[in-house]
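To keep things clear, I will list the structure first and then write my remarks on it.
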Amino acid sequence: METHTLQLKKKRDQERFEQAKLDIDGLIKQSEAGKIELAYVNEAGFAPQPLNRSAWTKTGEVHAVTANRAQRMSIIGAMLSSGNLALAKLWKNVSGLWFFGFLMALIEQVGKPKA
């Protein structure tokens with residue numbers, strides 16, 4: 001595969017990036033010591049049929065494919081440093097409010113960091 005030099009250039013603040021790496025390393029060490037629980041959270045959406053938002057059709061003719069719409073399934077998951085897994089599935093698009101609700105429920109389930 002050919003590598004393009006333009007793709008290798010990063011537009012990031014190197015100082016902030018290095019500080020973030022140190023912060024993450026510190027959190028991982030706290031987790032390994034049992035002081036905190038880390039959660040790796042992700043969201044994915046699935047549609048039961050392919051999208052057909054536009055099609056090429058001659059002027060005056062009707063599209064050969066009708067756009068049947070069904071609800072989208074969204075999954076939010078959190079893999080915890082303890083090895084546990086938390087999941088939520090919704091038959092709708094996940095908004096920021098749904099994601100926030102998932103995080104708040106996750107905090108309730110996991111509990112606060114140990115002092």
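Close Cβ contacts (under 9 Å, 6 or more residues apart or on different chains) running from residues in the stretch 93-112 that are closer than 12 Å to A39 by Cβ to residues that are surrounded by fewer than 13 Cβ atoms within 10 Å (Cβ to Cβ) and of a type in the set (S, T, Y) comprise V110/S82. For residues that are under 16 Å from the mean Cα position of the chain (by Cα) and not hydrophobic (A, V, I, L, M, F, W, C), scanning just the stretch 36-51, find the one that is modelled with the lowest pLDDT. The residue in question is G45.
The values are calculated or read from the model by the stated rules, or taken from the named source; none is laboratory data. Predicted model, so just to flag it, every value in this text is computed and none were measured. Cβ atoms come from the backbone with ideal geometry, glycine included; neighbour counts cover every protein chain shown.
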